[in-house]
Amino acid sequence: MSSAPRALQVLVVEDEASTREELADLLADTPEVGEVYAADSGARAVQLLGATAFDAVFLDISMPGLDGMDVARVISQLSAPPSIVFVTASESHAIEAFGIGAVDYLLKPVRPERLAESVARIGTSRRAASSGGAEGAEGAEGPRDELAVVQIDHGRRTVFVRRDDVQFVEAHGDYIRLHTGQGTHLIRLSLSYLEEIWAPAGFVRVHRGYLVAVGWVHDLRVTSSSGLVACTPAGDVPVSRRHARSLKEQLLEAARSGRLGRAAR
């Protein structure tokens, strides 16, 4: 007869007392969770991490002193790192969070049903990590793949946008708009940061306020209203003079290597 899974031992790291207590109480009421520890700062979290083996850490990002990203980097150096779930009031760190290897990214105020989903993900992630062999190695690399997905919370609805479905990105002040074949999605993130993170996936700057996925461009066209534009199924993207030559070279290279024309696939 197989034994029941061991209850998770978790750490809540949050500098706001009311939020910390609420999250700890919600976790304590979750059947899969056993003991819940709490830290009111990044420094205190590092102390606890050095003395106790945790299965998961629910980690605020914006904290004085050591912030959540700093603590996450410390966690990544542990020999048996716990799963990380970021809990924050802002969407702006989502891509960086998944790049670090977070299992989930929750927006405050945390809803019990979303917290339950996170706990379930933790269980799945830790079972995969402990399975050993080739399957375990694949599981260890898994979280990095989530860098290719942007999670956007709209109140009670959560949308997951695949990077491969994004055809171009448009700046909107402190926000950016992701344009896909199915519609657009607004997220608080800087265009320059996304340019750096998504450059290896073929996203290039073509204008002060635009990135385009080279693989989605089916032709370049000169218009009377916008000048040179890169045409994608999701819409035309303006191309400035300073970026025109570089874009043409990258399109030519993509065509030679068979990476052009995703719309036809």
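Quick notes on this structure:
- Qualifying residue in region 38-49 (condition: open to solvent by 40 Å² or more (accessible area, probe 1.4 Å), within 21 Å of residue 127 (Cα to Cα) and not in a loop (DSSP other than H, G, I, E, B)): no
- All positions within region 173-198 that are exposed (fewer than 13 other Cβ atoms within 10 Å of the Cβ) and over 19 Å from residue 231 (Cα atoms): 173, 174, 192, 196
- In region 184-192 there is at least one residue that is among the polar types (S, T, N, Q), in a helix (DSSP H, G or I), more than 30 Å from residue 25 (Cβ to Cβ) and at pLDDT below 90.
Residues are listed down the side, and each one gets a yes or a no for (1) at pLDDT 90 or above; (2) under 25 Å from the mean Cα position of the chain (by Cα); (3) among the polar types (S, T, N, Q):
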position	(1), (2), (3)
13	yes, yes, no
25	yes, no, no
48	yes, no, no
53	yes, no, no
56	yes, yes, no
79	no, yes, yes
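- Close pairs (7 angstrom Cβ cut-off, 6 or more residues apart or separate chains): open to solvent by 30 Å² or more (accessible area, probe 1.4 Å) in region 50-70, among the β-branched types (Val, Ile, Thr) and part of a strand (DSSP E or B) anywhere: 62/88
- Selection count where residues are under 15 Å from the mean Cα position of the chain (by Cα) and either hydrophobic (A, V, I, L, M, F, W, C) or at pLDDT 80 or above (or both), scope region 123-164: 11
- All conditions but one from (1) assigned to a helix (DSSP H, G or I); (2) farther than 14 Å from residue 11 by Cα; (3) modelled with pLDDT of 90 or more apply to residue 63; the one that does not is (1).
- If only residues of region 14-37 that are among the aliphatic types (A, V, I, L, M) and closer than 22 Å to residue 124 by Cβ are counted, the one that is surrounded by the fewest Cβ atoms within 10 Å (Cβ to Cβ) is 28.
The values are calculated or read from the model by the stated rules, or taken from the named source; none is laboratory data. It should be emphasised that the depicted structure is a prediction, and the values quoted were computed from it without experimental measurement. For neighbour counting, all protein chains shown are included, and Cβ atoms are generated from backbone atoms with ideal geometry for every residue, glycine included. Remember, those area values only see protein heavy atoms, side chains included, never the ligands or the DNA or RNA. Shrake-Rupley method; radii C 1.70, N 1.55, O 1.52, S 1.80 Å.
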